[in-house]
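To keep things clear, I will list the structure first and then write my remarks on it.
The values are calculated or read from the model by the stated rules, or taken from the named source; none is laboratory data. Predicted model, so just to flag it, every value in this text is computed and none were measured. Here the Cβ positions follow ideal geometry from the backbone for every residue, glycine too, while neighbour counts run over all protein chains shown.
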Amino acid sequence: MTDDIATLRRDLAAAYRLAALFGWDDTLYTHFSVRLPGAEPRFLINPFGLLFEEVRASDLIVVDMQGKVVEGHAEYNVAGFTIHSAVHMARDDAHCVIHTHTLAGMAVAALDDGLLQLNQISTEFHDRVGYHDYEGVALDLDERTRIQASLGDNIALILRHHGLLSVGASVADAFCVMFYLNRACEIQLAATASGCSYSRMPDHLSRHACEQLQGAEWQRQLLWKAWLRKLDRLDPSYRD
C-alpha cells in the first residue's frame with residue numbers, strides 16, 4: 001500500500017468516526033467513498049455490517065465501477081454502490097463522496113422548497129446544490145444517469161425524501177461541505193420551527209456571500225487537521 005493510498009484510507013476512516021461523533025450515522029446505513037489513484041477506476045467504501053464508530057483504515061474495501069470487490073473480503077450495501085459509483089463515474093473532480101441520513105438533512109429533503117437562504121452558512125450553497133427526486137431504494141443501476149444529471153457540477157445534492165450528499169476533491173473538502181450543509185439544514189429547522197416570522201436572504205446578498213466564501217480550501221485543510229487531532233485524542237484506532 002503506497003503512502004497516498006494509506007492516507008486516503010486513514011482520512012476516509014476518520015470521516016466515518018467523525019460522522020459517528022457528530023451523530024450523523026444511521027446504524028449500518030449511508031456511505032462515504034473516495035476514489036483511488038490509478039488507470040482503472042476504483043473506490044474505497046465501508047464494508048456492510050460495521051458501525052461508523054468501528055471503521056478502521058484496514059476495514060475499507062476496494063470496489064470497481066462494475067460492483068466487483070477487488071480488495072477486501074466483505075460485502076457492501078448495494079444502494080450505496082449505486083449512488084457512489086454514479087458520482088465517481090461522472091465527476092473526475094469528485095474524489096470523495098459523502099452521503100448522510102441526518103435528521104436535519106432528511107427533514108429539509110422533505111420540504112418542497114428545499115434548502116432556504118436564511119443565514120450566512122447557507123449562502124455557500126447558493127446555486128451550488130442540486131435536487132434528485134426519490135425513486136425508491138437505490139438498487140437500480142439505471143438510476144445512476146439520473147443521479148449524475150441531478151448533481152451536475154454542484155458541490156452537493158439533496159436527495160428528496162432521502163438525505164444529503166456532498167462531493168469534494170479530497171475527504172477533507174467533501175466532509176467540510178457536508179458539515180456546513182447539515183448545519184444550514186439545522187439552522188433552517190430551528191428558524192422555521194421557532195414560531196416567529198423569518199426572512200429569506202435577498203438573492204444578490206446570497207450570491208455575494210457565496211463568492212466571498214470561495215477559495216477556502218486551505219481553511220478546510222486546517223479544520224480537517226484539527227478534527228484529526230481530536231480523533232487522535234479520543235481514539236486513534238481509526239488509523240489501524
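Listed here are the residues, each with its yes/no results for (1) aromatic (Phe, Trp, Tyr); (2) under 14 Å from the mean Cα position of the chain (by Cα); (3) farther than 17 Å from Arg160 by Cβ.
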| site | (1), (2), (3) |
| --- | --- |
| Met89 | no, no, yes |
| Val97 | no, yes, yes |
| Thr100 | no, yes, no |
| Leu103 | no, no, no |
| Asp113 | no, no, no |
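Across the stretch 218-234, the number of residues qualifying as aliphatic (A, V, I, L, M) and more than 22 Å from the chain's Cα centre (by Cα) comes to 1. When the stretch 21-69 is filtered for residues that are part of a strand (DSSP E or B), touching a Phe, Trp or Tyr at 6+ places or on another chain (Cβ under 8 Å) and free of Cβ contacts under 8 Å to residues at least 40 places away in the same chain, the ones remaining, listed by number, are Ile45, Ile61, Val62, Val63, Val69. No other residue among Ser206, Ser199 is over 22 Å from Asp173 (Cα atoms) and of a type in the set (S, T, N, Q) apart from Ser199.
For the stretch 205-217, how many residues are assigned to a helix (DSSP H, G or I) and within 19 Å of the chain's Cα centre (by Cα)? Can you show your working first?
Step one: filter the stretch 205-217 for residues assigned to a helix (DSSP H, G or I), giving 205-212, 217.
From the residues that got through so far, the ones that are within 19 Å of the chain's Cα centre (by Cα) too are 217.
The qualifying residues number 1.
Answer with yes or no whether Val177 is surrounded by 21 or more Cβ atoms within 10 Å (Cβ to Cβ), farther than 15 Å from Ala90 by Cβ and aliphatic (A, V, I, L, M). Let's see the steps before the verdict.
Working: surrounded by 21 or more Cβ atoms within 10 Å (Cβ to Cβ): yes; farther than 15 Å from Ala90 by Cβ: yes; aliphatic (A, V, I, L, M): yes.
So Val177 fits the description; yes.
Annotation note: of Phe81, Phe52, Phe43, the sole residue that is out of contact with any strand residue (DSSP E or B) (no Cβ under 6 Å at 6 or more places or on another chain), buried (at least 16 other Cβ atoms within 10 Å of the Cβ) and modelled with pLDDT of 95 or more is Phe52.
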